[in-house]
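The values are calculated or read from the model by the stated rules, or taken from the named source; none is laboratory data. Note that the structure is a prediction, hence the values are computed from the model and not measured. Cβ placement follows ideal geometry from the backbone for every residue including glycine, while neighbour counts extend to all protein chains displayed. Accessible surface is based on the protein model in full, side chains and every heavy atom, while ligands, DNA and RNA are left aside. Shrake-Rupley method; radii C 1.70, N 1.55, O 1.52, S 1.80 Å.
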Amino acid sequence: MLDLEWDSATDNGSGLLTLPYHLGTTPHPTGGNHAEDSSFDVGSSGTYTIYLTAEDKAGNISDDAVTGPVTVDTQAPLGSVDCPEGTAELSFVVDWSATTDQGPAGLHLTNPYSVSYNIDGGQWQNWITATSAVTATFGPTSPITVHYGYTYCFQLRALDKAGNVTYTAGNDCTEVSEAYGPSIKKVFLPIIMAPDPNWGFETGDFSNWQHGGRLAQSVSTAEHHSGSYSALLGSPGYACDNVPVGSAWLRRSVTIPSGGSPTLSFWYKIYTQDKNSPLSDDYDLFAVYINDSRLVVKDANTGDPYGCSTLKDLGWKQVNFSLNAYKGQTIQITFYNYNRPDKWYNTYTYVDDVSVQ
């Protein structure tokens, strides 16, 4: 249905019929009487030229007034989602796409896609909204922490230029289960691990690591997840009211094999006098990035009391992050411990047992 506007006049000013206008998709229409500024049903999707004539009381019919071509789109897009049927990984890639009766060019010009997910058939939750991206990694910790024994389903909403919307059925699902994995335990990939024994800092120094920042960096024996050493970002020696504002960072470059299912794994332990709730970049936190752009994990004390008399031990935590998106690439993995926005409240983090496996 097209909404059209027009006007006309006769030589005597009031000589038009009560419904004087004829509309059509071919020249010289004489049927279908319409009032001024009417709607006109072209019947179906397509590209049309619209012709208008006006008739007066004497039966005189005007020449054609022409507008167009006008594209009419009444059909919703056709969308699809692609995800693995099952996986033993705690993160996996989800792809989506849509097309229209005008091809992909008929989609909304800027952000045609939104993707939702549910867990074991539960309530749908937003994952990615109003985006032009056609792929993303689900898990291991974003948008939620993925666990074994659950099925994660995905639904695509696609929007075309005409405002038509479609939803996929929501039956594109991935079962996360150790049953999909190999029968043997994972082992370190020799191409990465064999040349260098210092992923766990057991040489007692920062050999083959880069490090820096305003906060202290050291290899410590005070805390370790395994072995005798760990990396320490920050320092327990800072006074509560005199912590340098900034970060301590630790960085490692690694080439990811082009095959298999490589995973970044590490352990960390945060001590903090600060509170960061809701979790933001404005206060003390620990964060890990790939190439300083892809967030692997962000963590801080979000619920316990804070203050100079309260030093919270958040305990050892492990992260497993899929590197499937970086196969065949050399990447930088960077660990940060931040003190922000002022000199108050100390936060420091131990890092240990870093591996790519």
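Points worth noting:
- Of all residues in the stretch 18-39, those satisfying the criterion of being within 52 Å of the chain's Cα centre (by Cα) and among the hydroxyl-bearing types (S, T, Y) are Y21, T25, T26, S38, S39.
- Neighbours by Cβ (under 9 Å, 6+ apart or cross-chain): first from the stretch 220-232, within 10 Å of W316 (Cβ to Cβ) and in contact (Cβ under 8 Å) with a residue 24 or more places away in the chain; second polar (S, T, N, Q) and open to solvent by less than 10 Å² (accessible area, probe 1.4 Å): E223/S230; H224/S230
- Taking the criterion of being in a loop (DSSP other than H, G, I, E, B), within 28 Å of N324 (Cα to Cα) and among the aromatic types (F, W, Y), no residue of the stretch 227-256 qualifies.
- Count of the stretch 322-357 residues which are hydrophobic (A, V, I, L, M, F, W, C), in a strand (DSSP E or B) and crowded, with 20+ Cβ neighbours inside 10 Å: 5
- Any hit, the stretch 257-267, residues being assigned to a strand (DSSP E or B), farther than 28 Å from P140 by Cα and touching a Leu at 6+ places or on another chain (Cβ under 8 Å): no
- Within the stretch 90-126, the set of residues being open to solvent by 40 Å² or more (accessible area, probe 1.4 Å) and assigned to a strand (DSSP E or B) comprises V93, D95, S97, T99, I119, Q125, N126.
- The residues listed here are S235, S309; of these, the one that is more than 23 Å from A136 (Cβ to Cβ), at pLDDT 95 or above and open to solvent by 20 Å² or more (accessible area, probe 1.4 Å) is S235.
- Conditions (1) of a type in the set (D, E, K, R); (2) closer than 27 Å to G227 by Cα; (3) modelled with pLDDT under 95; number of the one not met by D281: (2)
- The stretch 268-321, subset hydrophobic (A, V, I, L, M, F, W, C) and assigned to a loop (DSSP other than H, G, I, E, B), residue farthest from the chain's Cα centre (by Cα): C308
- Filter result for the condition that a residue is among the small types (G, A, S), in contact with a His (Cβ under 6 Å, 6 or more places away or on another chain) and open to solvent by less than 40 Å² (accessible area, probe 1.4 Å), over S280, S230, S247, S220: S230
- Test result for N301, farther than 20 Å from N198 by Cα, open to solvent by less than 20 Å² (accessible area, probe 1.4 Å) and without any contact (Cβ under 8 Å) to a residue 60 or more places away in the chain: yes
- Looking only at the stretch 38-61, and only at residues there that are open to solvent by 80 Å² or more (accessible area, probe 1.4 Å) and modelled with pLDDT under 80, the one that is farthest from G106 (Cα to Cα): D41
- All of (1) modelled with pLDDT under 95; (2) among the hydrophobic types (A, V, I, L, M, F, W, C); (3) over 34 Å from the mean Cα position of the chain (by Cα) hold for V243 with one exception: (1).
- Extreme residue, least open to solvent (accessible area, probe 1.4 Å), among residues of the stretch 5-22 that are at pLDDT below 80 and in a strand (DSSP E or B): L16
- Those residues of the stretch 244-265 which are out of contact with any helix residue (DSSP H, G or I) (no Cβ under 9 Å at 6 or more places or on another chain) and basic (K, R), in sequence order: R251
- So T151, is it at pLDDT 95 or above, surrounded by 13 or more Cβ atoms within 10 Å (Cβ to Cβ) and over 13 Å from the mean Cα position of the chain (by Cα): yes
- T87 vs. criteria buried (at least 18 other Cβ atoms within 10 Å of the Cβ), within 28 Å of Y326 (Cα to Cα) and touching a helix residue (DSSP H, G or I) at 6+ places or on another chain (Cβ under 8 Å): yes
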